[in-house]
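Report on one structure; see the data block that follows.
The values are calculated or read from the model by the stated rules, or taken from the named source; none is laboratory data. No experiment lies behind these values; they were computed from the predicted model shown. Cβ: placed from backbone, ideal geometry, glycine included. Neighbour counts: every protein chain shown.
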Amino acid sequence: MLDFYGTTLANGFMLGTAQYPSPAILADAFRRSQASVATVSLRRESGQDRAGQDFWQMIRALDVHILPNTAGCHSVKEAVTTAHMAREVFDTKWIKLEVIGEEDTLQPDVFGLVEAARILTEDGFQVFPYTTEDLVVADRLLHAGCEVLMPWGAPIGSGLGLNNLFGLRAMRAHFPDVPLVIDAGLGLPSQAAQAMELGFDAVLLNTAVAKAGDPAAMAEAFAIAIRAGQLAATADPMEPRDMAAPSTPVIGKAFLL
Amino acid sequence: MKLQLNGAMIETQAEVLAGLLDEQGFTGAKIATAVNGDFVPAPARAAQPLKDGDRIEVLAPMQGG
């Protein structure tokens, strides 16, 4: 059973809410994904059109767990302040903590990330850190109070899949009891299945669904893949080998030369 | 006085943050606020004084990944 900070989730599908062609397609994608978590953000609101208010009503109607992010924050101060604002608006202790360190790759500033995670944990937040597969950083995040780790698969929005299989496999082996989520970089359902087959507990994605030609169909495809990968991981996969091994029994074969 | 609201310069008669929010059409909205980069919780808005040149941020739920 998937458990994040004492909250049990029905499945390991966490889906973003950005970049969909329309609110109706977003809602349809969520229905077919059966995702258990929706990621959201905070942006400047206009007193005239109050666009955020309509969006909030729609998200509430999805009846999923809400995970606000600190996307776009480049400093500890920005991220911590945004987290406080998100906690008040969304009424949740959960925060997807992003402290971005580099513009081209959007990779996390892991030094700022650890510092912000410590500050927020001490203030009662339940932090979901967007991090790399670096084991030392992971260990520092756990010591800072994080009970979930979210390593990237590939740069945000790239759709490249799992760029560092060795690193991710090592991370899984190194922290067998920590819930691990692949966050960002997935482009295809097969990549999500692969993440789950490696033993990851969940995947978080957005662009792969929102930017597909048919987002709702892609959402369902990811749901099936995540379920398949998760089931395969629990089914104890066979060990790969270099040489062939006949699957059909050799004993009893007719002598027909 | 003049101050910045979400990056735009505005003229206001409000003396506290809560008054500014009412004046600018945010009454009853689900928002979070910051003044000069510091979070101001909802219960503190009525007592949050404003001064010329302050930078006010008013944020609301939005799409995110």
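Taking the conditions (1) buried (at least 17 other Cβ atoms within 10 Å of the Cβ); (2) farther than 21 Å from A:VAL64 by Cα; (3) aromatic (Phe, Trp, Tyr) in turn, A:PHE166 satisfies each one other than (1).
Scan the stretch B:41-61 residue by residue and report those that are at the interface with chain A (Cβ under 10 Å from one of its Cβ atoms) and buried (at least 21 other Cβ atoms within 10 Å of the Cβ). The answer is B:GLU57, B:VAL58, B:LEU59, B:ALA60, B:PRO61.
Please verify whether the stretch A:142-157 includes one or more residues that are without any contact (Cβ under 8 Å) to a residue 40 or more places away in the chain, in a helix (DSSP H, G or I) and within 22 Å of A:LYS93 (Cβ to Cβ). Within the stretch A:142-157, one or more residues are without any contact (Cβ under 8 Å) to a residue 40 or more places away in the chain, in a helix (DSSP H, G or I) and within 22 Å of A:LYS93 (Cβ to Cβ).
B:ASP38 meets all of the listed conditions (1) surrounded by 15 or more Cβ atoms within 10 Å (Cβ to Cβ); (2) within 11 Å of chain A (Cβ to nearest Cβ); (3) of a type in the set (D, E, K, R) but one, namely (1).
Scanning the stretch A:80-99 for residues that are of a type outside the set (A, V, I, L, M), facing chain B (nearest Cβ under 9 Å) and buried (at least 23 other Cβ atoms within 10 Å of the Cβ), we see that the one that is farthest from B:ALA42 (Cα to Cα) is A:LYS96.
Of everything in the stretch A:1-32 that is in contact with a strand residue (DSSP E or B) (Cβ under 6 Å, 6 or more places away or on another chain) and farther than 17 Å from A:LYS211 by Cα, the residue that is surrounded by the fewest Cβ atoms within 10 Å (Cβ to Cβ) is A:MET1.
Within the stretch B:20-35, being at the interface with another protein chain (Cβ under 7 Å from one of its Cβ atoms) and either assigned to a strand (DSSP E or B) or under 20 Å from A:LYS77 (Cβ atoms) (or both) holds for B:ALA32, B:ALA34.
When the criteria are applied in full, A:ALA35 fails the requirement of being more than 9 Å from every other protein chain (Cβ to nearest Cβ), crowded, with 16+ Cβ neighbours inside 10 Å, at pLDDT 95 or above and over 14 Å from the mean Cα position of the chain (by Cα).
Filtering the stretch A:222-257 to residues that are over 36 Å from the mean Cα position of the chain (by Cα) and closer than 30 Å to A:LEU204 by Cβ leaves nothing.
For every residue, the table says whether it meets (1) facing chain B (nearest Cβ under 7 Å); (2) closer than 17 Å to A:LEU97 by Cβ.
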position	(1), (2)
A:ARG43	yes, no
A:ALA51	no, no
A:GLN57	no, no
A:ALA61	no, no
A:VAL64	no, no
A:LEU67	no, yes
A:ALA71	yes, yes
A:HIS74	no, yes
A:GLU78	no, yes
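Quick one: would you say A:PHE200 is assigned to a loop (DSSP other than H, G, I, E, B) and modelled with pLDDT under 95? So A:PHE200 does not fit the description; no.
Of the residues making up the stretch B:30-58, those that are among the hydrophobic types (A, V, I, L, M, F, W, C) and in contact with a Lys or Arg (Cβ under 6 Å, 6 or more places away or on another chain) number 0. Among the candidates A:GLU133, A:GLU147, A:GLU122, A:GLU102, the residue that is among the charged types (D, E, K, R) and surrounded by 21 or more Cβ atoms within 10 Å (Cβ to Cβ) is uniquely A:GLU133.
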